[in-house]
1. With the structure loaded, tell me whether residue 13 is modelled with pLDDT of 75 or more and surrounded by 15 or more Cβ atoms within 10 Å (Cβ to Cβ) or whether it fails that test.
2. Do you know which of the residues in segment 53-81 that are outside any strand (DSSP E or B) and among the hydroxyl-bearing types (Ser, Thr, Tyr) is surrounded by the fewest Cβ atoms within 10 Å (Cβ to Cβ)?
3. Would you point out the residue of segment 2-27, among those that are assigned to a loop (DSSP other than H, G, I, E, B) and among the β-branched types (Val, Ile, Thr), that is nearest to residue 77 (Cα to Cα)?
4. When residue 101 is evaluated against the numbered criteria (1) at pLDDT 95 or above; (2) more than 15 Å from the chain's Cα centre (by Cα); (3) of a type in the set (Ser, Thr, Tyr), which criterion, by number, is the only one it fails?
Amino acid sequence: MVKGQKVVCTNDSFTAVIRAIYKQLPVKGNTYTIREVFLGREKVVKGGDSATVGLLLTELVNPPDPFHAGQQELGFSSERFAPLEEVPAEEAEGELAGVGTGDGEQDGEYWKN
């Protein structure tokens, strides 16, 4: 998962503690845009010792993590989301570099049978 990528929420089951400290939560089946990808704690507890890939989403903004020294915004585990087939515009441009330049094929001869 990368910044700018569209993802769909696949798991919107949250504990009461999470519902209390977050302002906005994703909803299963809704599509979101990745604003940031980061390495975070698997559980929102002081001294959480297992890491996970976390996501911040453009459509949802939450308060700072009360247990993060840098006051990073509370994010979500990437495991709650599935990527859509779309690729962010800047990556798509890179993949299309050289397309339509001919590369030795004249007048669309490549597609003729």
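1. So residue 13 does not fit the description; no.
2. Kept after step one, since they are outside any strand (DSSP E or B), are these residues of segment 53-81: 58-63, 65-72, 74-75, 78-80.
Still in the running and among the hydroxyl-bearing types (Ser, Thr, Tyr): 58, 78.
Details: 58: 13, 78: 18.
Across segment 53-81, the extreme among qualifying residues is 58.
3. 10
4. Condition not satisfied by residue 101: (1).
The values are calculated or read from the model by the stated rules, or taken from the named source; none is laboratory data. Predicted, not measured: the structure shown is a model, and the values here were computed from it. Ideal geometry is used to build each Cβ from the backbone, glycine not excepted, and the neighbour counts take in all protein chains shown.
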